[in-house]
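Right, I'll just put the structure down here and ask away after.
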Amino acid sequence: MQLRYSYRAYPNATQRTALAQAFGCARVVWNDCLRARKEAQAAGLPYVKSAELSKVHITQAKRTEERAWLGQVSSVVLQQSLRDLDTAYKNFFDSVEGARRGRKVGPPRFKSKKDARQSVRLNTNAFSLQGDGTVYVAKVGKLKVKWSRRLPTPPTSMTVVKDSSGRYFLSFVVDTEPVILPELETEVGLDLGLSHFAVLSDGLKVRSPRFLRRAEKKLRRAQKNLSRKEKGSNNRAKARVEVARWHAKVADRRRDWHHKLSTKIIRENQAVYVEDLAVSAMGRTRLAKSVHDAGWSSFVNMLKYKAAKYGRHFGKIGRFEPTSQICSVCGAKDGPKPLSVREWTCQECGAVHDRDINAACNILAAGRADRLNASQSVGKTRAKAPAQRVEAGSRQKGPTTQAGSLAL
């Protein structure tokens, strides 16, 4: 597995200037190479290879007066920016051809120096971990880092990130093996909502903390202060950073809470099943603010990668399953019900159901059925069988799982 660990960094004034220069040079190389490929496409010429772009827009550009400052940063930063552009094009081509799963990916776009987030990627040739707890970055110096936890293995790459609130982070990618937890007999289904963030099939209800709603008063005050400042002034820039800091606090609190809850659920259950929600569509309704405040997508992604990390099973059921219409006791379908109906009685068996707990029980039953059907179809359809729990420590084929972190 590939995991990502992020830590807060505290560069001094000289190092912040060097990092700003690295951000700018990486952005210029990206834009120059992207412009060259777009111009070649418009002229009907073949796709420009990376070797030619590196020769013209990096090696030769350093010898010109207009781009001489490219030589003041590490060459790894420039080459990695070109590799990232190649990756962006590959993802776009794979998405168009149908070789990439998930949502469609658009073509690469130009970067702006006014973007809220600036970053550069480095390989092991441009950084190293020092014995005194600092991290050396080529042509930047030794960065002071707040080590909140130890890295399990030596990192293979590092990304230096500056977010919209002016904070710096070092994000390390490490290769590690899954940590298989002892096998359990318990399985659980999760019904995600707004008033209750998650309702488990065992009857547990987790109330939504609503971090954004709780911070709205201070956010409103900071936003009003920003709107009063003159555009282009230094005071407006300071007010913008203040707004970004409040949003960063809300995001950090939500992410930390998601991590704690997802880890608890994964550790206490052998299998976890959730419903495939159309979050992007729900984010365009009148409930958009509450939907984004809940952060269902990031929470489900945490459950997914932590299940792979700890040897648990994670499953999704279809979003069109009538989980709120079916009696979890007898299986009778009682028809759709408005959201105002929180409890109902089955007309067939007379069981009284809590709407959310009943939906969670149906999600658990549907997830188990899908898992059983998948295991029975292996061998008949030549599908690849998932690794057994006793073999889950071996490296599996397929795309690697990337983990989020508490810092970013």
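The values are calculated or read from the model by the stated rules, or taken from the named source; none is laboratory data. The shown structure was predicted, so the numbers you read here are calculated from the model rather than taken from an experiment. Neighbour counts run over all protein chains shown; Cβ positions are idealised from the backbone, glycine included. Areas reflect the complete protein model, heavy atoms only, side chains present, ligands, DNA and RNA absent. Shrake-Rupley method; radii C 1.70, N 1.55, O 1.52, S 1.80 Å.
Give, in nm to one decimal, the length gained when the segment between Tyr10 and Lys142 is fully stretched (0.36 nm per residue of separation minus the Cα-Cα distance).
Full-extension gain reported as 46.5 nm.
Quick one: if the Förster radius is 51 Å, what FRET efficiency do Thr153 and Ala281 give, using the C-beta to C-beta distance and rounding to 0.05? Write down the numbers at each step before the final one.
Numbers: r = 40 Å, r/R0 = 0.78.
According to the calculation, E is roughly 0.80.
Same structure, new question: Which listed residue (Gly331, Val274, Gln15) has the Cα farthest towards the positive end of the charge dipole for the chain, taking +1 on Lys and Arg C-beta and -1 on Asp and Glu C-beta about the Cα centre?
Gln15
Let me ask something additional. List the GluC sites (Glu not before Pro) in segment 63-156 that DSSP assigns to loop (not H, G, I, E or B) and whose Cβ has at most 12 other Cβ atoms within 10 Å. Which are they?
Loop-located and lightly packed - Glu65, Glu66.
Here's a follow-up. So which cysteines in the chain don't have a second cysteine's C-beta under 4.7 Å from them?
Among the cysteines of the chain, those whose Cβ sits 4.7 Å or more from every other are Cys25, Cys33, Cys361.
About its Cα centre, what dipole magnitude does the chain give when the only charges are +1 on Lys and Arg Cβ and -1 on Asp and Glu Cβ, stated in debye to the nearest 20?
Values: 77 positive and 36 negative charges, 427 e Å.
Result for the chain is approximately 2040 debye, rounded to the nearest 20.
Next question, about the same structure. What distance in nm lies between label points placed 7 Å from Cα along the C-beta direction at Asp132 and Glu268?
4.6 nm
With a Förster radius of 25 Å, plug the Cβ-Cβ distance of Lys224 and Ser112 into 1/(1 + (r/R0)^6) and report the FRET value to the nearest 0.05.
About 0.40, to the nearest 0.05.
Beyond 15 Å, what share of the Cα-Cα pairs of segment 148-212 is found? Please give it as a whole percent. Walk me through the numbers before you get to the answer.
Details: 1536 of 2080 pairs.
In whole percent, the share of Cα-Cα pairs in segment 148-212 beyond 15 Å is 74.
A follow-up question, please. Over the Cα atoms of segment 131-263, what Rg and Dmax result, in angstrom?
20.7, 62
Follow-up. In segment 218-260, which trypsin sites (Lys or Arg not before Pro) fall in coil by DSSP and have 11 or fewer other Cβ atoms within 10 Å?
Listed in order of number, the matching sites are Arg228, Lys231.
Once the principal axes of the Cα atoms of segment 1-94 are found, what is the range along each, listed largest first in whole angstroms?
Per principal axis, max minus min of the Cα coordinates gives 48, 43, 18 Å.
Just the C-alpha atoms of segment 258-313: what Rg/Rh do they give, with Rh taken as the Kirkwood radius?
Across segment 258-313, the Cα-based Rg/Rh ratio is 1.05.
Related question: Based on Cα positions only, what radius of gyration and what Dmax would you give for segment 68-131, in angstroms?
When restricted to the Cα atoms of segment 68-131, Rg and Dmax are 15.3, 48 Å.
Another question, then. Quick one: go through segment 346-365 and flag any residue whose amide nitrogen is under 18 Å from the point 7 Å out along the Cα-to-Cβ line of Ala332.
Only 346-355, 358-359, 362 fall inside the zone, counting backbone N under 18 Å.
Now for a separate question. For segment 245-275 and segment 58-88, what is the centre-to-centre distance using only Cα atoms, to the nearest Å?
The distance from the Cα centre of segment 245-275 to that of segment 58-88 comes to 39 Å.
Here's a follow-up. Given +1 on the Cβ of Lys and Arg, -1 on the Cβ of Asp and Glu, and no further charges, what dipole in debye does segment 108-183 carry about its Cα centre, rounded to the nearest 20?
With Lys and Arg at +1 and Asp and Glu at -1, about 680 debye.
Does segment 10-151 come out rounded, prolate or oblate by the C-alpha gyration tensor, with a ≥ b ≥ c the root eigenvalues, rounded set by a/c under 1.5 and, if not, prolate when a/b is larger than b/c and oblate if not? It would help to have the intermediate numbers written out before the result.
Working: a/c = 2.34, a/b = 1.47, b/c = 1.60.
Here segment 10-151 falls in the oblate category.
Cross-link partners among lysines for Lys142, C-alpha distance below 23 Å, same-chain residues fewer than 8 apart left out?
Lys162
On the accessible surface of the chain, probed at 1.4 Å, how many percent belong to carbon and sulfur atoms? Please report the intermediate quantities before stating the final value.
Details: 11960 of 23780 Å².
Ligands and nucleic acids excluded, carbon and sulfur give 50 percent.
In units of 2.2 N^0.38 Å, what is the alpha-carbon radius of gyration of the chain?
Rg over 2.2 N^0.38 Å, computed on Cα atoms: 1.16.
Counting only protein chains, not ligands or nucleic acids, how are His313, His353 ordered by accessible area (probe 1.4 Å), most first? It would help to have the intermediate numbers written out before the result.
Details: His313 55, His353 15 Å².
Descending accessible area places them as His313, His353.
In addition: Projected onto the charge dipole of segment 36-105 (+1 at Lys/Arg Cβ, -1 at Asp/Glu Cβ, origin at the Cα centre), which of His57, Tyr89, Pro46 gives the Cα projection farthest towards the positive end?
Farthest towards the positive pole: Tyr89.
Quick one: grab the alpha carbon gyration tensor of segment 241-342, order the square roots of its eigenvalues as a ≥ b ≥ c, and give me rounded if a/c is under 1.5, else prolate or oblate depending on whether a/b is larger than b/c. List each step's numbers first, then the result.
Working: a/c = 2.66, a/b = 1.29, b/c = 2.06.
Oblate is the answer for segment 241-342, as a/c is 1.5 or above yet b/c matches or exceeds a/b.
Starting from 0.36 nm per residue, how many nanometres of slack lie between Lys238 and Thr345 once their C-alpha separation is accounted for?
32.8 nm
Additional query: Report the full-extension gain for the segment Gln2 to Thr59: residue separation times 0.36 nm, less the Cα-Cα distance, to one decimal in nm.
Separation in residues times 0.36 nm, less the Cα-Cα distance, equals 17.3 nm.
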